[in-house]
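Notes follow once the structure below has been shown.
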Amino acid sequence: HTLLPGEGITATIVSKDVHVGNRKLFQRLSHYEKLPDDVKVTTEKWEKSGGTVGFISIEGEGIVGAYCVVDEIRDEAKGVVEALKMMGIEIIMLTGDQRSAAINIGKQLGLEECDIKSDLLPEEKMTEIADKVKENHHLQKKAWCWNNRRAVMMVGDGVNDAPALSIADVSVAMGEGAAIAMDTADITLMHSDLNKLLYSIRMGRRVIRTIIENVIFSLIVKAIVLGFAVTGRASLWAAVGSDLGSMLAVTLNGTKLLSSSSQKEKTRTNNGIARSYSEEAISMPTSEVSPEMSIHSRMELGVTA
């Protein structure tokens, strides 16, 4: 078989070429135009309902089948998107899905239509990320050194995401995704839990803050010792003691990242799961829980922090 990026897949079965993919593929093969009008009307209804429509063709017979699939969103996805927004992070959804299906998923996540980019080929996803990276780098050249640095994070799990993952400042792959995505990404979430993405960002910010605290503290200690030395009030042992003391202080300050981080993350995750179950139990009977309640296993996010 052969993968057709952004379109589908083709294989040879019993000496005949078989294609499975989206409308783009069959328009390129000039098969879609030959479909009966009633089939076109049916597939268009599927698209309007938020489904992703695909077709199957056999060499010499044209299109022999059509199907519709609906992506499910992960239980934690909407909460993670809301938390990222509260952290001041801009979120853009990049997907190869058709517009109607992409908007349907995006609205469930709380995204605006202007933040949803659909019908994208792998190279188009890469272009979107590259443009964001260039825009941020251009803004940083005009900013002062103490301004917060903007970075672009790409989160994806598919073969089509690999080019975009390779060009982002920070790339994250899902552990249940394609091997090439995990090989390309800087970080892989082994359990494919989007809460781990939140944890990684929060931990990264805490690490940076701790480093700044340690550097400032060390400079202050050095300045004080230097002042005493210039005035002749500092002995050799005082200098050695202050150096060792500051080293121990910054080391202890760094250990705060280990003391409570795992417990806080465990508590946060458990609370999120309990809250999710509670909301679902209150909102509808178990028998009425739709698969759409249950993120989008193929969702790609472009995140600008």
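Every number in this text was worked out from the coordinates using simple rules, so none of it is lab data. Keep in mind the model is a prediction, meaning the values are calculated, not measured. Ideal geometry is used to build each Cβ from the backbone, glycine not excepted, and the neighbour counts take in all protein chains shown.
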Legend entry - For the range 1-63: relative contact order, % (alpha-carbon pairs under 8 angstrom, 6 or more apart): 32 percent
Legend entry - Potential extension, Leu252-Ile58 segment - 0.36 nm per residue separation minus Cα distance: 63.1 nm
Inset, instruction - Quick one: of Lys117/Lys196; Lys34/Lys107; Lys85/Lys107; Lys40/Lys78, which pairs are farther than 23 Å apart, Cα to Cα? - result: Lys117/Lys196; Lys34/Lys107; Lys40/Lys78
Inset, instruction - Would you please give the FRET efficiency between His137 and Leu226, computed as 1/(1 + (r/R0)^6) with r the Cβ-Cβ distance and R0 = 30 Å, to the nearest 0.05? - result: 0.20
Inset, instruction - Obtain the nm distance between the two label points defined at Ala130 and Met87 by a simple spin-label model: each point lies 7 Å from its Cα along the Cα-to-C-beta direction. - result: 2.8 nm
Inset, instruction - Give me the distance in nm between label points sitting 7 Å out from Cα along the Cα-to-Cβ direction at Lys34 and Lys48, one decimal. - result: 2.8 nm
Legend entry - Potential extension, Arg202-Ala179 segment - 0.36 nm per residue separation minus Cα distance: 5.6 nm
Inset, instruction - Rounded to the nearest 0.05, what FRET efficiency do Asp115 and Arg209 give with R0 = 25 Å and r taken as the Cβ-Cβ distance? Could you check? - result: 0.30
Inset, instruction - Take the Cβ-Cβ distance between Lys16 and Lys107 as r, set R0 to 51 Å, and report the resulting FRET efficiency rounded to the nearest 0.05. - result: 0.80
Inset, instruction - Would you mind computing, in nm to one decimal, how far apart the modelled labels at Leu3 and Cys68 are, each placed 7 Å from Cα along Cα→Cβ? - result: 2.8 nm
Inset, instruction - For a quick protection proxy, order the peptides 22-35, 4-17, 156-169, 98-111 by their average other-Cβ count within 10 Å, most packed first. - result: 156-169, 98-111, 22-35, 4-17
